[in-house]
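In what follows, a structure is listed as structure tokens, so that the remarks can point back to it.
Quick note: the coordinates plus some simple rules give every number you see, no bench work behind them. Every value quoted in this text rests on a predicted model; they were computed, and no experiment measured them. Cβ placement follows ideal geometry from the backbone for every residue including glycine, while neighbour counts extend to all protein chains displayed.
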Amino acid sequence: MESDLLLINPWIYDFAAYDFWAKPLGLLYIASILRQNGYKVHFIDCLTTNHPGMQKFRKPLTRNFGTGKFYKEKIPKPYSLKDIPRSYSRYGITLKALEEDLRKIPTPDAILITSLMTYWYPGVFEAIRIARKIYPKTPIILGGIYATLCYNHAKAYSGADYVIPGEGEDKVLDIVSELTGHTIRYYPDKGNLDSYPYPAFDLLSNLKYICILTSRGCPYHCRYCASHELNSTFRRRNPSKVADEIEYWVKRLGVKEVAFYDDALLVNAQDHIIPLLHAVIERKIRVNFHTPNGLHVREISKDVAHLLYKAGFKTIRLGLEAQNSRFHEIMDRKVGEGDFAEAIHNLKEAGFEGKDIGVYLLVGLPGQTKSEIEESIRYVQGFGVVPRLAEYSPIPGTDLWPEAIRTSRFDLEHDPLFHNNSIFPCQPEEFLIETVPYLKKLAKKARNQ
């Protein structure tokens, strides 16, 4: 007898949220792995903008290259955030819509729920609460980023029966097998990413874009980044296999937008991105490519820049973080003297315009000053490209975490709500109220020039 499993992508609860090529890729991989083992998978996406039960609401706007807004409902702020001078919202479908969806499917043998940002856990808890209300006897399994980085918090407060940290495919299969009595015949080989099936994008409706992961992890160890906490090692797929997947989804779904989710897409370019882009060009795969996670500046050689342009990359994001060389010596060691200038020169020579090139600058780090950020904005502006402020979120397990705890005006250790980058937790309150609006205005002015 076929076992029914339910997978849920929960809401975002936050001060702001935007669909910047955001799909639950890990959960979609799990869905495919479960299918490959003979399970019937049901999927509910609380962030969908194509839900039939939401027709009476104004449909969220879709903007450039498939990005856009989510449905949004203003809700009371959590008590611990009551003094933050911004409105707080649930992003996604209504609570009623989720309940109705839950009642339409057969009683599942298990419910799997993912989690993203640590401070979005209220949406996760709400999804668990409602799922438990409708199916009180069904075990609930929680995984994802919040479950990994805040494992103890999730175990204590989420209400899930199982909390799985890290790369949890094997653990999910073992738990589901135990719950259903179904023998697992296929385990993906974590050391060989090409052994994984394609993510189950067919479970999502009216897709405007897909997301591609050509690797897991990152060879760098930046003090502010949690990539090494979420992925055990840096591994890569065969570039030809990646091209096969892109071609497959373009033909099957007709999508025209593809976003890369890699943390280190360009590293060792000769063995990875260069053969991948050659394959895309040779096969005449005509789509728009995007790099929302940011590219490493020092990896953008002339050859790479020309191939990015020829292959159809439209959204270029660079991870500069700051213009100060001392910053890179201490924080990441990923940008050397002259690397940024050379990267911009190569990209513009290849055909990219300044408006196509966005440069991430970290804002709100412990001890960071207004003048340092201002200098970085003006530095980027001087190259005729676009500064993009990336608000710092303190992340458990990172090298910078102890310093974040010491400098924060909030209790970071005991409530992940205080990890929220929108409240600039590692800066004094006046930074949020006075400095941030000034810096945003300065960056906007630079973008419009």
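Here are the numbers for this structure:
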read-out	value
Residues of type lysines that K334 reaches as a straight line, Cα spacing below 25 Å, ignoring anything fewer than 8 places off in the same chain	K302, K314, K348, K355, K370
Computed Rg/Rh of region 193-448, alpha carbon atoms with Kirkwood Rh	0.98
Residue order, fewest to most beta carbons within 10 Å, for I134, I395	I134, I395
Anchor K441: aspartates and glutamates whose Cα lies under 19 Å away (excluding residues fewer than 8 positions away in-chain)	E321, E372, E374, E375, E391, E429, E430
Whole-number Å³ per residue for the convex hull built on Cα positions in the chain	140
Residues T435, T214, T183, T118, sorted so that the one with the fewest Cβ neighbours within 10 Å comes first	T183, T435, T214, T118
Inter-site label distance for K445 and R406 at 7 Å from Cα along Cβ, in nm	3.5
Semi-axis lengths (Å, descending) of the ellipsoid that matches the C-alpha gyration tensor of region 311-449	29, 16, 13
Size of electric dipole in the chain: Cβ of Lys, Arg +1 and of Asp, Glu -1, about Cα centre, debye, nearest 20	1640
Separation of alpha-carbon centers, region 305-361 and region 62-82, rounded to whole Å	30
DSSP-assigned coil residues among trypsin sites (Lys or Arg not before Pro) in region 53-100, each with at most 10 further Cβ atoms within 10 Å	K56, R58, K82
Ranked T315, T148, criterion: other C-beta atoms within 10 Å, fewest first	T315, T148
Contour excess over end-to-end distance, with Cα ends at K370 and I330 and 0.36 nm allotted per residue	12.5 nm
Region 11-28-region 186-261 distance, computed between alpha-carbon centres (Å)	16
Bins of 10 Å, starting at 0 and running to the largest distance - Cα pair percent for region 46-161	12, 37, 38, 13, 0
Partner aspartates and glutamates for K256 [C-alpha distance under 16 Å; skip if fewer than 8 residues away on the same chain]	D202, D244, E245, E247
HN-Hα J in Hz across region 27-35 - Karplus 6.51, -1.76, 1.60, θ = phi - 60°, x for Gly and Pro	5, 5, 5, 4, 4, 5, 5, 5, 4
Principal axis dimensions, largest first and in whole angstrom, of region 1-97 by Cα	53, 34, 25
Lysine pairs within region 45-159, Cα separation less than 21 Å, 8 or more sequence positions apart or different chains	23
Packing-based ranking, highest mean first, of 259-266, 296-303 given that Cβ atoms within 10 Å are counted	259-266, 296-303
